[in-house]
Amino acid sequence: MEISQIQSDFTVKRLYLPINFNIMKTLLNCLLVSFFSISLYASVPSPDWGVTGHRTVGAIAQANLKPKVAKIVDELLGGQSLAFVSTYADEIRSDAQYDKFAPWHYVNFPFDSAYGDHPVNEDGDVIQGIEYCVSVLKDEGKSRDERAFYLKMLVHLVGDLHQPLHVGQADDRGGNRFYVKWFNESTNLHRLWDTQLIEHYNMSYTELAENQDRLGKGQIKAIQEASLMDWVNQSRTLCLDIYEHTEPDQKLSYPYAYQYTNVIRRQLQQAGLRLAALLNEVLG
């Protein structure tokens, strides 16, 4: 038989190989899962400030603790730093036994009102969470483990409160349902402020902590003497500004980063300074 005839026969047989419909079905399902995963990416709630932001707050706070308080913190945390434990409250969210703490990460109220104008969340919010953590840390009758747990929570919650989208509105879940484009990739406003703006700056948490704005003693004192409600109002003001300067489905890139990166750096610095002052007062 000639080679050309062999090739022709092989081609015909190859064309009529039986189709394995189970394999085809599996491949189709995989494609569908991939498609919907990409489509839903922007709607999944994001973690708070992201790892880099929270660790920056912890590192700044650690550097501003009084020696006596630093020793107490070291003993409570078993040698772990505030930066290390700053993400603990997010890490435990995958464990159902800690579901009751989920509302502690944020507070929502309408833009045309103030906190307290409406009934507060009976399940708690970031403000109530901070107040409860402080009450446990003040109580030396509590066990070491309990005080350590709420110290970890406090480190995280103070960071959360300084992320403007954590003082948002319930209608869009603090920006989680406010969809935008970040360098042509789909995301949401909350995720953008939690992680993507910080990641775009391309600095580690230690670099961010070491390169804070240089502040005078009077400036630091004013930051640290602000009340808990001052923190809330400051973040709400920033939140309103963000909504004023961001449109749904807007394509955001370098100009937006230029506009808000230093705002984020300031919020992280103030959160760290205030956390240190709070711990110095509570544990000092």
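Data overview
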item	result
In region 94-117, the residues that are open to solvent by 50 Å² or more (accessible area, probe 1.4 Å) and part of a helix (DSSP H, G or I)	Ser94, Ala96, Gln97, Tyr98, Asp99, Lys100
Residues of region 267-284 that turn out to be more than 24 Å from Leu208 (Cα to Cα), assigned to a helix (DSSP H, G or I) and in contact (Cβ under 8 Å) with a residue 60 or more places away in the chain, as a count	2
Exclusive hit being crowded, with 19+ Cβ neighbours inside 10 Å and either hydrophobic (A, V, I, L, M, F, W, C) or within 25 Å of Asn280 (Cβ to Cβ) (or both), set Lys142, Lys152	Lys152
Residue, farthest from Val85 (Cα to Cα), within region 143-183, restricted to residues that are among the small types (Gly, Ala, Ser) and in a helix (DSSP H, G or I)	Ala170
Scope region 78-95; condition farther than 16 Å from Thr195 by Cα, touching a helix residue (DSSP H, G or I) at 6+ places or on another chain (Cβ under 8 Å) and either modelled with pLDDT under 95 or of a type outside the set (Val, Ile, Thr) (or both); matching residues	Gly78, Ser81, Leu82, Ala83, Phe84, Tyr88, Ala89, Arg93
Wholly enclosed helices (runs of 4 or more DSSP H) of region 188-264 bearing at least 1 residues of a type in the set (Lys, Arg) and open to solvent by less than 20 Å² (accessible area, probe 1.4 Å)	228-244
Long-range neighbours under 8 Å by Cβ, at least six apart or interchain, first residue under 13 Å from Asp160 (Cβ atoms) within region 48-69, second of a type in the set (Asp, Glu) and crowded, with 24+ Cβ neighbours inside 10 Å	Asp48/Asp160; Asp48/Asp194; Trp49/Asp160; Trp49/Asp194; Gly50/Asp194; Gly53/Asp194; His54/Asp48
Pair list, Cβ under 7 Å, 6 or more apart: region 120-139 residue without any contact (Cβ under 8 Å) to a residue 24 or more places away in the chain, other residue buried (at least 16 other Cβ atoms within 10 Å of the Cβ) and in a loop (DSSP other than H, G, I, E, B)	Asp125/Tyr106
Contacts under 6 angstrom Cβ, first residue in region 241-266 being at pLDDT 95 or above, partner of a type in the set (Val, Ile, Thr) and open to solvent by less than 10 Å² (accessible area, probe 1.4 Å), 6 or more apart	Gln250/Val180; Leu252/Val180
Any hit, region 159-166, residues being under 23 Å from Arg266 (Cα atoms) and polar (S, T, N, Q)	yes
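The values are calculated or read from the model by the stated rules, or taken from the named source; none is laboratory data. What you are looking at is a predicted structure, and each value in this text was computed from that prediction instead of being measured. Virtual Cβ from ideal backbone geometry, glycine too; neighbours counted across all protein chains shown. Please note that ligands, DNA and RNA were not included when accessible areas were found on the heavy atoms of the full protein model with its side chains. Shrake-Rupley method; radii C 1.70, N 1.55, O 1.52, S 1.80 Å.
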